[in-house]
């Protein structure tokens, strides 16, 4: 299969998104970074469009057809909104962009779409916010991947693994210190 199509499809996955597609395109397929970035972002945004457009109608349809789904969605929406104590205001949309932009597991376009659905953010507002977050995440992942490629190229795998180990250890110690204080 063509590397560009594989990159696009990998970017559409709910867990990998562009966090997996962009490094794969650069390291394994050796695509140019502008092409890899563009394909990864477009692939990541494709499911977002469908999720934003169809989550509400599908949940409504399921609720009308089944008492189980009606009870589930009522409970889920009530619990989510009650527990979060969070009201979407115009300035709070920055939170959605930031959440999507952080390239960690369980953040990204898929989760941002579900959040927009839960808080009933309309498509014309949610999609640009999520798209901005995906583009920022793409820049972060691109920078991290290119940095890793340069470290590996000039210093070798042992140094790259050492850098990653030191960063991971720093992160662990920082979180441990934060819990103690």
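Looking at residue 39, is it more than 18 Å from residue 152 (Cβ to Cβ) and over 10 Å from the mean Cα position of the chain (by Cα)? The answer is yes for residue 39. Checking each residue in the range 13-33 for being surrounded by fewer than 22 Cβ atoms within 10 Å (Cβ to Cβ) and either assigned to a helix (DSSP H, G or I) or within 15 Å of the chain's Cα centre (by Cα) (or both) picks out 13, 14, 15, 16, 20, 23, 24, 27, 28, 33.
A single member of 106, 142 is in contact with a helix residue (DSSP H, G or I) (Cβ under 6 Å, 6 or more places away or on another chain) and either outside any helix (DSSP H, G or I) or touching a residue at least 24 places away in the same chain (Cβ under 8 Å) (or both), and it is 142. Restricting attention to the range 133-145, the residues being surrounded by fewer than 17 Cβ atoms within 10 Å (Cβ to Cβ) and at pLDDT 95 or above number 4.
If we scan the range 113-135, do we find a residue that is within 13 Å of the chain's Cα centre (by Cα) and not in a helix (DSSP H, G or I)? No - not one qualifying residue is present in the range 113-135.
The values are calculated or read from the model by the stated rules, or taken from the named source; none is laboratory data. All of these numbers come straight from a predicted model, not from anything done at the bench. Please note: Cβ atoms are built from the backbone with ideal geometry, for glycine as well, and neighbour counts cover all protein chains shown.
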